[in-house]
Amino acid sequence: MSQHVPTPIEDYAVLGDLGTAALVSRRGSVDWLCLPRFDSRACFAALLGTPDNGRWLITPADPDAVTTRSYVGNSFVLETTHETATGRIRVTDLMPLGDGRSDLLRRVEGLEGTVRVLHEWTVRFDYGRTRPWVARHTDDRRDRVDEVITAIAGPDMLVLRGARLPHAQKGHHVDEFDVTAGQTFTFSTTWFRSYDPIPPPLRVRARIRETIARSEVYAAHSDYVGPYAKAVTRSLLVLRGLTHQKTGGIVAAPTTSLPEEFGGERNWDYRFCWLRDAALTLEALLGCGYLEETALWRNWLLRAIAGDPQDMQIMYRVDGGRDLPERVLGHLPGYAASRPVRIGNAAVDQRQTDVLGEVLIALGHARSRGLEETDDSWNLQCALVNHLAEHWEEADNGLWEIRGPLRHFTHSRAMVWAAFDRVVRAVEEHGLHGPVERWRELRDRVRDEVLTKGFDAERNTFVQHYDTTEVDASLLMLSSIGIVDGDDPRMLGTIAAVEADLMRGGLVLRYRTDTGVDGLSGDEHPFLACSFWLVTAYARAGMTTQATELMDRLVGLTNDVGLLSEEYDPIGERMVGNFPQAFSHLTLVGAALALAKAAKVETREATHAAR
């Protein structure tokens, strides 16, 4: 039996309906889909296994077909063109928006000549483990009678519709047929509860048209004017696509266990809502004029962390649920044999002191953009900060969810400063009420501590934590949060130290794993968000040439449809880690905003000098 060769991560595109997302390869295989929600169990899981773990394939029979693809305008409606020696077809893939359903729609159109097409529909519920009961039925409605295929296992049911349905063959449903110029074949897969009636068929053309229109309206709300506008717009759309429209929860990525090292153990489930990642997402959206999303997420936050402040978690489920037990799926071999495959995330129980600072920065930014506080929202912030005031000196696991000993991470300590700073400014600048004298005192104490214990004067750099001379890419954020200026000599020294210690192939690592600080074996690749942080740090330091050069390279690493993974292997020139990654896209937006601001400053200074 030949070994399964995984599809390169960069060969995938994402489809989404603001409730969940699917990954479809250039070849036309839907290899990952959780229904009906990002954190639901996958029914197509070939991404982390083999085709036997579930996929939906529509592709030319000719393996030498030449393939090109792109999204339609500012949408996630994907058009893929396959050209063979005998003809050309176009496949349109989408998950329709705005109807509250869970559908994946695929339309095949003949453009030239004749193309032989393979169609395979293999459903495996429960992350590729459970083979469903599959049967053909007649869906008899008042205006039409359709033959459909249903797949059922427990509470989940899928229905496949199409003018030409595949036939059962050894646990799969397969077909092979010709598509000639002018012909159109439309297929749809719909999820629903197995105890509910089969949903009616879609109005295909209308749903495609409406889905594109909704995305274009969203993109048009952006007020970003600056460099890399195309990449910024696509990144904003990715961030929207990772936001659950009904609950407001923002997931870090729609996938689990795409590895940080191929064949290694650094494989994590990112289908949850990290408070930090969500707050950083909001900062990116607010920077481009999106205020409504902030209100939606703030409401999610109020629901998720309601109760005792000491019970606040670093992450939650899409609906605000707290239970995220981590377990291993032993039946899946993992992407590129990277084991274990995990669902859930044990980091939920970690102490990460930086999280509250990120949340309060985002909410402070929203206040400045005109989002009014409610009694509940401000009272919640006060309760959280007052709890922090009693525990701010405690060590934590840090931004990177270190599974080693607790430390006083410099970035975490700086974010404690940011938490106190933002509530002080809320009182001073917006007239809100709170124990501001105490908050000011603590803010000053924390800053003095960070600038003393978190700084290596001999090397002129901030350090990863108080007990080391190592650096960490999160230190690049210190000027962005305002604890030091971008051109402060200490910040310039930190940039130089990161360049010296953490650059690999011109990109930035999170930290040096060989120090053993994270308690895990193996290595990892450069983390794309860290490289975007370096762009921002360069821009804030007035090093715009270096910032632009690095930004050019990073934007060039997006795949053919503008998506980024968590990490990048500059040696193998391939994407690594969960995909598409909110952290990568939100830091792209942040870096572009920093460059745009730096350009305005340079223009203003040049104008002033000319006078």
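The values are calculated or read from the model by the stated rules, or taken from the named source; none is laboratory data. As the structure is a computational prediction, the values presented were derived from the model and not from experiment. Because the Cβ atoms are built from the backbone with ideal geometry, glycine has one as well, and the counts that use them run over all protein chains shown. Side chains included, ligands, DNA and RNA excluded: accessible areas come from the protein's heavy atoms. Shrake-Rupley method; radii C 1.70, N 1.55, O 1.52, S 1.80 Å.
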### Task
Determine the relative contact order of the range 173-299: mean sequence separation of Cα pairs under 8 Å and six or more apart, normalised by residue count, in whole percent.
19
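On a full-extension model of 0.36 nm per residue, what is the gain between residue 337 and residue 504, subtracting their alpha-carbon distance, rounded to one decimal in nm?
Taking residue 337 through residue 504 to full extension adds about 57.7 nm, to one decimal.
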### Summary
Taking Rh as the Kirkwood radius computed over alpha-carbon pairs of the range 522-586 and applying Stokes-Einstein at 37 °C with viscosity 0.692 mPa s, one gets a diffusion coefficient in µm² s⁻¹ of 270
### Task
Let me know the shape class of the range 42-132, please: from the alpha-carbon gyration tensor, a ≥ b ≥ c as square roots of the eigenvalues, rounded when a/c is under 1.5, otherwise prolate if a/b is greater than b/c, or oblate.
oblate
## Note on the structure
Within the range 129-215, DSSP-loop trypsin sites (Lys or Arg not before Pro) with at most 16 other C-beta atoms within 10 Å are 141, 142, 144, 164, 170, 203
## Note on the structure
Amide H proximity to residue 315 below 5 Å, modelled H, separation 5+ or other chain, gives 275
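Can you work out the FRET efficiency for the pair residue 448 and residue 406, with r the C-beta to C-beta distance and R0 = 25 Å, to the nearest 0.05?
E between residue 448 and residue 406, to the nearest 0.05, is 0.70.
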### Message
What distance in nm separates the two pseudo spin-label positions at residue 299 and residue 81, each 7 Å out from Cα along the beta-carbon direction?
### Response
4.3
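With every protein chain left in place, what is the accessible area per residue of the range 16-95 in square angstrom, probe 1.4 Å?
Per residue, the range 16-95 has 28 Å² of solvent-accessible surface.
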### Message
Could you check the spin-label model distance between residue 184 and residue 4? Points 7 Å from the Cα along Cα→Cβ, value in nm.
### Response
3.4
### Message
For a test of the definition: using alpha carbon positions, the gyration tensor, and the 1.5 limit on a/c, classify the chain as rounded, prolate or oblate.
### Response
prolate
### Straight-distance crosslink candidates among lysines, where the alpha carbon sits under 18 Å from residue 597 and sequence neighbours closer than 8 are dropped
230
### Mean Cα-pair separation over length for the range 511-596, i.e. relative contact order, pairs under 8 Å, 6 or more apart, %
33
### Task
Could you grab the relative contact order for the chain? Cα pairs under 8 Å, six or more apart, rounded to a whole percent.
12
### Query
Residues in the range 242-265 near a label at residue 346, defined as backbone nitrogen under 16 Å from the 7 Å Cα→Cβ point?
257, 265
### Query
In what order, largest first, do 408, 244 sit by accessible area if the probe radius is 1.4 Å?
408, 244
### Message
Rounded, prolate or oblate for the range 156-206? Axes are the square roots of the Cα gyration tensor eigenvalues, ordered a ≥ b ≥ c, and the cut-off for rounded is a/c under 1.5.
### Response
oblate
### Task
Order the peptides 307-314, 440-447 from the highest to the lowest mean number of other Cβ atoms within 10 Å of their residues.
440-447, 307-314
### Query
What is the gain in length, in nm to one decimal, between residue 602 and residue 432 on full extension, counting 0.36 nm per residue of separation less the C-alpha to C-alpha distance?
57.6 nm
### Summary
Here, residue 485 and residue 467, labelled 7 Å along Cα→Cβ, have an inter-label distance in nm of 3.6
